[in-house]
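Below is one structure, written out as structure tokens, with a few remarks after it.
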Amino acid sequence: MSGIVLSASVRQNLLSLQSTAELLSTTQNRLATGKKVNTALDNPTNFFTAAGLDARASDISNLLDSIGNGVQVLQAADTGITSLQKLVDTAKSIASQSLQQPVGYSTKSNVQFTGTGVPSGPGVATSADITTSKLNGGVFTFTNSAGTAVTITVGTSPTAFNPVTKTATVQSVAQLNQALADAGVNLSAIITGPDSLTFTSTNDGAGQVITATAAPAAPVTLDAINISANAAGGGAGGAVVAAVPDPSSQTARATLVTQYNQIITQLTTTAQDASFNGINLLDGNSLKMIFDETGKSTLTIAGVTFNPAGLGLASLSPGVDFTDNVLTGKVLTALNNASLTLRTQASAFGANLSIVQIRQDFNKNLINVLQTGSSALTLADTNEEAANSQALSTRQSIATSALSLANQSQQSVLQLLR
């Protein structure tokens, strides 16, 4: 015989065994990789779609680190603002101690005006009625450094202080002092002669400088007041008596100024230290956040400069600041404004932090969605593949046995033919 001719049953068993081996190899590969689509040859559509989903998930995942850094930058800024607020509160406490100090002047500034008008009746000025003196018809103007003028007229038809027109008409000393208080003028008046009034700084403005002129004029410094009058009121008034500082009180106030300045220094260093990874939102830096892989979804967080100047605060000078309550009040007003600025900015940073954290959580969830979608296209059902593997192994074993039997039968036939 020129060759061995395989019987139909042998050929069939060989083909079955080959097919089973291929299927078993595929199943074992799926079990090993955990995927049913490993190359484009397995399923081009699923393979490339899954690859795109995985690539986008990877790109978004890379952004999470920068988003996390952004969260830390905002938290560092919030921590800095919290500390700055505590320092400002401490500065407020120091300023409040200045308000509790004894009056810083043993003699307060004062000036006397002697009227030249026509009395409303016989007699001299009394506490109940100053129009009976030559002060009747006197018009007094009190001008502060901002140029705001308060006009008070001595007359027989009194009217209360009008905060809009900043005018009043008074007949008694009590009415005059009430009008001055309502107008926020730190002066009090007393009768010092038949036709004379003396204006003296109150305790709050104990250190203020009084100037007296015939025509209204705005003084240069904050803690100062200009008094002018018409002819009936006494014109430019008499010589001004300057305030005399009290050494002990001023020494105590100067000590508070030193303590205050230490706090101001800490404001500077605290703001400079509130940085993370080189970005400091309290030192003028801005932060740009990118939330998606295209770079189109962004958030730019503008920084602020929260050094003392940025908060509207400044160092004080002993013997110049805290010398009386008016100047102390000026500092307290600036501190209150600084507190408001800090609270407002903390709220703004808090809103930005919420946005960033929401986008951070969104990106994490989106990555899970993309990866789940990719897995649905490529991952194999391990339970199913394991069952297939067991079935194919059994089938392969049966095919091998059948092939062996068929081959033995064919060998027996050939032996007889020989």
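Can you tell me which of Gln266, Gln259, Gln250 is touching a Leu at 6+ places or on another chain (Cβ under 6 Å), surrounded by fewer than 22 Cβ atoms within 10 Å (Cβ to Cβ) and part of a helix (DSSP H, G or I)? Before you say what the answer is, go through the steps one by one.
Working: Gln259 fails: touching a Leu at 6+ places or on another chain (Cβ under 6 Å); Gln250 fails: touching a Leu at 6+ places or on another chain (Cβ under 6 Å).
Testing whether each residue is touching a Leu at 6+ places or on another chain (Cβ under 6 Å), surrounded by fewer than 22 Cβ atoms within 10 Å (Cβ to Cβ) and part of a helix (DSSP H, G or I) leaves just Gln266.
If you scan region 169-179, which residues turn out to be open to solvent by 30 Å² or more (accessible area, probe 1.4 Å) and either closer than 18 Å to Ser196 by Cβ or assigned to a loop (DSSP other than H, G, I, E, B) (or both)? First the steps, then the outcome.
Looking only at region 169-179, we keep the residues that are open to solvent by 30 Å² or more (accessible area, probe 1.4 Å), and these are 169, 171, 174-175, 177-178.
Once the filter is applied, which keeps residues that are open to solvent by 30 Å² or more (accessible area, probe 1.4 Å) and either closer than 18 Å to Ser196 by Cβ or assigned to a loop (DSSP other than H, G, I, E, B) (or both), region 169-179 yields Gln171, Ala174, Gln175, Asn177.
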If Ser188 meets every condition in (1) open to solvent by 40 Å² or more (accessible area, probe 1.4 Å); (2) of a type in the set (Gly, Ala, Ser); (3) in a strand (DSSP E or B); (4) more than 25 Å from Pro245 (Cα to Cα) apart from one, which number is that one? (4)
Give the residues of region 112-138 that are touching a strand residue (DSSP E or B) at 6+ places or on another chain (Cβ under 8 Å), closer than 14 Å to Ala189 by Cα and of a type outside the set (Gly, Ala, Ser), sorted by residue number. Gln112, Phe113, Thr114, Thr126, Ile130, Leu135
Tell me, which residue of region 326-363 that is more than 17 Å from the chain's Cα centre (by Cα) and among the aliphatic types (A, V, I, L, M) is surrounded by the most Cβ atoms within 10 Å (Cβ to Cβ)? Leu327
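Inside region 101-125, can you point out the residues that are outside any strand (DSSP E or B), of a type in the set (Val, Ile, Thr) and open to solvent by 60 Å² or more (accessible area, probe 1.4 Å)? Quick ask: steps written out before the conclusion?
Pass one, region 101-125, residues outside any strand (DSSP E or B): 101-104, 108-109, 115-125.
The next check asks that each one be of a type in the set (Val, Ile, Thr); those that pass are 103, 116, 118, 124.
Passing the criteria: Thr116, Val118, Val124.
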Show the residue pairs that are 6+ apart or on different chains and have beta-carbon atoms under 7 Å apart, the first residue being within region 215-243 and in contact (Cβ under 8 Å) with a residue 12 or more places away in the chain and in a loop (DSSP other than H, G, I, E, B), the second being among the aliphatic types (A, V, I, L, M) and surrounded by fewer than 15 Cβ atoms within 10 Å (Cβ to Cβ). Gly235/Ala214; Ala236/Ala214
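In the set Thr82, Thr45, which member is open to solvent by 80 Å² or more (accessible area, probe 1.4 Å), modelled with pLDDT of 70 or more and either assigned to a helix (DSSP H, G or I) or not charged (D, E, K, R) (or both)?
Values: Thr82 fails: open to solvent by 80 Å² or more (accessible area, probe 1.4 Å).
From the options Thr82, Thr45, the qualifying one is Thr45.
Of Phe276, Phe199, which residue is surrounded by 15 or more Cβ atoms within 10 Å (Cβ to Cβ), touching a residue at least 24 places away in the same chain (Cβ under 8 Å) and in contact with a helix residue (DSSP H, G or I) (Cβ under 8 Å, 6 or more places away or on another chain)? Steps first, please.
Numbers: Phe199 fails: in contact with a helix residue (DSSP H, G or I) (Cβ under 8 Å, 6 or more places away or on another chain).
Exactly one residue qualifies, and that residue is Phe276.
Kindly indicate whether Ala95 is small (Gly, Ala, Ser), crowded, with 19+ Cβ neighbours inside 10 Å and either within 24 Å of the chain's Cα centre (by Cα) or under 21 Å from Thr298 (Cβ atoms) (or both). So that I can check it myself, show each step before the final result.
Values: small (Gly, Ala, Ser): yes; crowded, with 19+ Cβ neighbours inside 10 Å: yes; either within 24 Å of the chain's Cα centre (by Cα) or under 21 Å from Thr298 (Cβ atoms) (or both): no.
So Ala95 fails the test.
Being closer than 30 Å to Gly117 by Cα, open to solvent by less than 40 Å² (accessible area, probe 1.4 Å) and not acidic (Asp, Glu) is the requirement here; does Ile227 meet it? Quick ask: steps written out before the conclusion?
Working: closer than 30 Å to Gly117 by Cα: yes; open to solvent by less than 40 Å² (accessible area, probe 1.4 Å): yes; not acidic (Asp, Glu): yes.
Spelling it out, Ile227 is indeed closer than 30 Å to Gly117 by Cα, open to solvent by less than 40 Å² (accessible area, probe 1.4 Å) and not acidic (Asp, Glu).
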Could you check region 201-260 and list, in sequence order, the residues that are of a type in the set (S, T, N, Q) and closer than 21 Å to Asn136 by Cβ? Ser228, Asn230
Limited to region 131-168, what total is found for residues that are of a type outside the set (S, T, N, Q), outside any strand (DSSP E or B) and either farther than 13 Å from Val118 by Cβ or without any contact (Cβ under 8 Å) to a residue 40 or more places away in the chain (or both)? 7
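The values are calculated or read from the model by the stated rules, or taken from the named source; none is laboratory data. Quantities reported herein were computed from a predicted structural model and do not represent experimental measurements. For neighbour counting, all protein chains shown are included, and Cβ atoms are generated from backbone atoms with ideal geometry for every residue, glycine included. Just the protein is used for accessible areas: all its heavy atoms, side chains included, with ligands, DNA and RNA removed. Shrake-Rupley method; radii C 1.70, N 1.55, O 1.52, S 1.80 Å.
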